[in-house]
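S.K.: This is the structure, below, for whatever I ask next.
The values are calculated or read from the model by the stated rules, or taken from the named source; none is laboratory data. Everything quoted here is computed from the prediction, not taken from an experiment. FYI the Cβ positions are ideal-geometry reconstructions off the backbone, even for glycines, and counts take in every protein chain you see.
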Amino acid sequence: MPSPPDHELQDVRIDRWLLAARAFKTRPLAQAACRGSKVTIDNQNAEPDRAVRRGQVVGIRTPQGLRLWRVVDLGTRRGSPVEARLLYDDETPPEAAAPVSPSNVRTEGTGRPTKRDRRHLDRLRLR
């Protein structure tokens, strides 16, 4: 039996929707993010097989910060960026300028970061 067109769907698996919305390059990456508690639907952790519907808010935690997208339309196939942008409204709050603390600033001319410095920098980037 053929699948219904995207405009007739009531819900879609979150991993397929994330792929169609171009949040991730591949479906396995979207599934891994869901399993790793990086994706939420209405502030609840989303497993890859959880259904998403129009009007729900999807939160995606990335190294750049938290993105909040309200689902406008459902899609199952990865298309162009223009088509993907029509699937959601970006409700990510504007980032407040974080004060620069002396602990995360390296002065010029100090050479390569040590292993300890690199781990510290990696921890700062993942927040």
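S.K.: So which of 119, 106 is of a type in the set (D, E, K, R), more than 30 Å from residue 52 (Cβ to Cβ), modelled with pLDDT of 85 or more and surrounded by 10 or more Cβ atoms within 10 Å (Cβ to Cβ)?
M.R.: That would be 119, the only listed residue that is of a type in the set (D, E, K, R), more than 30 Å from residue 52 (Cβ to Cβ), modelled with pLDDT of 85 or more and surrounded by 10 or more Cβ atoms within 10 Å (Cβ to Cβ).
S.K.: As an exercise: evaluate residue 68 against (1) touching a Gly at 6+ places or on another chain (Cβ under 9 Å); (2) over 24 Å from residue 122 (Cα atoms) and give the number of the one condition it does not meet.
M.R.: Going through the list (1) touching a Gly at 6+ places or on another chain (Cβ under 9 Å); (2) over 24 Å from residue 122 (Cα atoms), residue 68 breaks only (2).
S.K.: Please find, within the stretch 6-36, the residue that is nearest to residue 126 (Cα to Cα) out of those that are in contact (Cβ under 8 Å) with a residue 12 or more places away in the chain and small (Gly, Ala, Ser).
M.R.: Per the criteria, the residue is 33.
S.K.: I would also like to ask the following. Against the definition (surrounded by 14 or more Cβ atoms within 10 Å (Cβ to Cβ) and touching a residue at least 24 places away in the same chain (Cβ under 8 Å)), how does residue 63 come out, yes or no?
M.R.: no
Every residue, every condition in (1) under 15 Å from the mean Cα position of the chain (by Cα); (2) acidic (Asp, Glu); (3) at pLDDT 95 or above, yes or no:
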{"position": "25", "(1), (2), (3)": "yes, no, no"}
{"position": "66", "(1), (2), (3)": "yes, no, no"}
{"position": "76", "(1), (2), (3)": "no, no, no"}
{"position": "79", "(1), (2), (3)": "no, no, no"}
{"position": "95", "(1), (2), (3)": "no, yes, no"}
{"position": "101", "(1), (2), (3)": "no, no, no"}
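S.K.: Kindly provide the set of residues from the stretch 66-85 that are more than 14 Å from residue 8 (Cα to Cα), surrounded by 13 or more Cβ atoms within 10 Å (Cβ to Cβ) and not β-branched (Val, Ile, Thr), ordered by number.
M.R.: Those that are more than 14 Å from residue 8 (Cα to Cα), surrounded by 13 or more Cβ atoms within 10 Å (Cβ to Cβ) and not β-branched (Val, Ile, Thr): 66, 67, 68, 69, 70, 78, 79, 83, 84, 85.
S.K.: If a residue must be free of Cβ contacts under 8 Å to residues at least 40 places away in the same chain and part of a strand (DSSP E or B), how many such residues does the stretch 68-92 contain?
M.R.: Summing the residues that are free of Cβ contacts under 8 Å to residues at least 40 places away in the same chain and part of a strand (DSSP E or B) in the stretch 68-92 gives 4.
S.K.: So which residues in the stretch 53-64 are farther than 15 Å from residue 24 by Cα and out of contact with any strand residue (DSSP E or B) (no Cβ under 6 Å at 6 or more places or on another chain)?
M.R.: Correct list: 53, 55.
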